[in-house]
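The values are calculated or read from the model by the stated rules, or taken from the named source; none is laboratory data. Note that the structure is a prediction, hence the values are computed from the model and not measured. Note that we place each Cβ from the backbone using ideal geometry, even for glycine, and neighbour counts take in every protein chain shown. To get the accessible areas, we keep the full protein, side chains included, count just its heavy atoms, and leave off ligands, DNA and RNA. Shrake-Rupley method; radii C 1.70, N 1.55, O 1.52, S 1.80 Å.
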Amino acid sequence: MKRNSLNPWRMALEQLDSVAGRIGLDPGIHKILQHPKRQLIVSIPVRMDNGDTQVFTGFRVQHNVTRGPAKGGIRYHPDVTLDEMKALAMLMTWKCAVVGIPYGGAKGGIICDPPELSSGEVERLTRRYVSEIISFIGPEKDIPAPDVNTNPQIMAWIMDTFSMDRGYSVPGVVTGKPTSIGGSLGRNTATARGVMYCIFNIAKKLGFDPLTQGYVIQGYGNVGGNLAHLLNQQGCKIIAVGDAEGGIYNKKGLEPDKVSEAMRESGSVIGFTDAERITNQELLALDCDVLVPAALENQITEQNADKVKTKVIVEAANGPTTPEASGILEDRGIFVVPDILANAGGAIVSYFEWVQGIQFYFWSEREVNLKLRDIMTHAFETVFNLSSEHKVSMRTAAYMLAVEKVAEAIKVRGLYP
Ligand code: GLU
C-alpha cells in the first residue's frame, strides 16, 4: 500500500493504530482488530435483459462479531473494492460500539454501475449475490442494510431470497426493508435524523442557535436529501447542496422540495436553476457555518482541507475526511463530529427494526424517533465529555470509546480455544 494513497483500509488501520497507542491497547487484541474476521469475494453471474450473461464481483466483509452479530450496509458502485469493504466493515464495528448497540461490523458491495442497469437486472444481481453469501448472513449472524445506491426495494429482494431458502419469512435478516414486510417506521430518514440531532447537540455545547446558521450539504441521496428536508422543516437555511454532477448555491437559501423535484426530473440537483452552479470543490470551500459531507469517502483531503471555511463539520458519509485532512482541520480549530458517531442514526434504527422483526411487535414512528434521539444524545454527550476530559478531538474520543468497548468484550470472552 502506498503511504500517500487514499487507500481506505490503510487509513482505517492508521486510525486504529493511533488510538491503540493512546489507550494502551493489549497488543494481542490490537492484532485481532487489525484483521477482519471474514472476507468473502463472490462471482455473480447475471442474465442481462439483452440475453447476454455478465459476471459481477461482490464482497461481504465481517470485521468483528464479539459484541453481537455483524451489521452493515451493502453498496452498489463502480469503485467498490475489497479494501474499501474492509475499511467500512471496521468503521461499522466502531460505530455500533460507540452508540452502544449490540453488533459487530460488516460491509458488503457489488462492483456495478446502477444507472446502467434495469430494475430486472438489479433484482437478479441482488438475488444471486444473496444466494452466494447465504450461509454467512442471517438474523443471528450478519444483517445487511442499505448503503450507497441500495434501497428498501433491494432489501425486500434480500429478505425474500433468504426467506425462500429457509421456507418461511425471516424479517430479521435485513434492515431498511419496506414497512409492508417488517421494515421500521422512521428507518428511511434515520441517518439524516441522527445527523440533525447531532447538529442540535453541537449547537447546545458550542452555544450557537442552529436556526440562524448557513448549512452546506455535499450529497443528495438518502442522507443528504433527507437532511436538507428535515433541517428545512426546522427552519434552518440550506445555502448549498451538491451531488456527483456538481453543486448549487443560493445564499438566501434553497427550497429542498423544489431541489428534489428538479432532481427527479433531471437526475441531478443541478437541474434546479434558481441558484448559482458551483463545482464540488467550490461547494466544500464555501463560507458557511455547518458543512455536512454526505456522499462518499475521501472528500476532504490534505489538498483542500485548508480551503474549508466552516465552523463545524458533521460527517454524514462514511470516511469523508482523510487522516491527514483531519489533522489540518483540528489544527485550524474546526469542530468535527466523526462519521462513526454522526451517521450512526441509520444503524441505530436498523437495530430497532431487527428487534421489532425478531419479536413481530412494531413501534410507532414517534417511539422510534424518541429512542433514536435518546441514543444519539447520550452517545454525543459521552464522546464530548471524553474529548474535553482528555483534551482530544471528537474523532479521537469516539475511537477511544469504541475501541475500548470492543477490546473489553474480547478480553472478557477470551480467546478460543
Ligand atoms: N449503511 C449504513 C451505515 O453505514 C447503515 C448500516 C446498517 O443499518 O446496518 O451506517
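Between residues in region 311-327 that are farther than 13 Å from Lys95 by Cβ and at pLDDT 95 or above and residues that are buried (at least 24 other Cβ atoms within 10 Å of the Cβ) and of a type in the set (Gly, Ala, Ser), which pairs lie under 6 Å by C-beta distance while being six or more apart or on different chains?
If the second residue must be buried (at least 24 other Cβ atoms within 10 Å of the Cβ) and of a type in the set (Gly, Ala, Ser), the pairs left are Val314/Ala342.
Which of the residues belonging to region 127-159 are closer than 22 Å to Leu296 by Cα and hydroxyl-bearing (Ser, Thr, Tyr)?
Thr150, the sole residue that qualifies.
Tell me whether region 368-381 contains one or more residues that are more than 23 Å from Leu206 (Cα to Cα), within 16 Å of the ligand (Cβ to nearest atom) and among the aliphatic types (A, V, I, L, M).
Yes: region 368-381 contains one or more residues that are more than 23 Å from Leu206 (Cα to Cα), within 16 Å of the ligand (Cβ to nearest atom) and among the aliphatic types (A, V, I, L, M).
Being part of a helix (DSSP H, G or I) and out of contact with any Ser or Thr (no Cβ under 8 Å at 6 or more places or on another chain) is the filter; apply it to region 127-152 and report the residue that is nearest to Thr66 (Cα to Cα).
Phe136
Which of the residues belonging to region 217-235 are over 18 Å from the mean Cα position of the chain (by Cα), within 20 Å of Ile278 (Cβ to Cβ) and open to solvent by less than 50 Å² (accessible area, probe 1.4 Å)?
Leu231
So which of Glu389, Glu404 is under 20 Å from Lys95 (Cα atoms), open to solvent by 70 Å² or more (accessible area, probe 1.4 Å) and more than 16 Å from the ligand (Cβ to nearest atom)?
Glu404 is the lone residue from the list that is under 20 Å from Lys95 (Cα atoms), open to solvent by 70 Å² or more (accessible area, probe 1.4 Å) and more than 16 Å from the ligand (Cβ to nearest atom).
Quick one: count up the residues across region 328-353 that are part of a helix (DSSP H, G or I) and within 16 Å of the ligand (Cβ to nearest atom).
13
Return the residues of region 62-101 that are basic (Lys, Arg) and touching a Phe, Trp or Tyr at 6+ places or on another chain (Cβ under 8 Å); say none if nothing qualifies.
Scanning region 62-101 gives Arg67, Lys71, Lys86.
Of the residues that sit in region 109-118 and are in contact with a helix residue (DSSP H, G or I) (Cβ under 8 Å, 6 or more places away or on another chain) and free of Cβ contacts under 8 Å to residues at least 40 places away in the same chain, which one is nearest to the ligand (Cβ to nearest atom)?
Applying the filter and picking the extreme gives Pro114.
Quick check: anything in region 191-200 surrounded by 16 or more Cβ atoms within 10 Å (Cβ to Cβ) and in a loop (DSSP other than H, G, I, E, B)?
Taking every residue of region 191-200 in turn, none turns out to be surrounded by 16 or more Cβ atoms within 10 Å (Cβ to Cβ) and in a loop (DSSP other than H, G, I, E, B).
Could you please let me know if Val122 is part of a helix (DSSP H, G or I), of a type outside the set (S, T, N, Q) and within 12 Å of the ligand (Cβ to nearest atom)?
no
Would you mention how many residues in region 201-225 are more than 13 Å from the ligand (Cβ to nearest atom) and outside any loop (DSSP other than H, G, I, E, B)?
Summing the residues that are more than 13 Å from the ligand (Cβ to nearest atom) and outside any loop (DSSP other than H, G, I, E, B) in region 201-225 gives 16.
Looking only at region 309-347, how many residues end up being of a type in the set (D, E, K, R) and open to solvent by less than 10 Å² (accessible area, probe 1.4 Å)?
2
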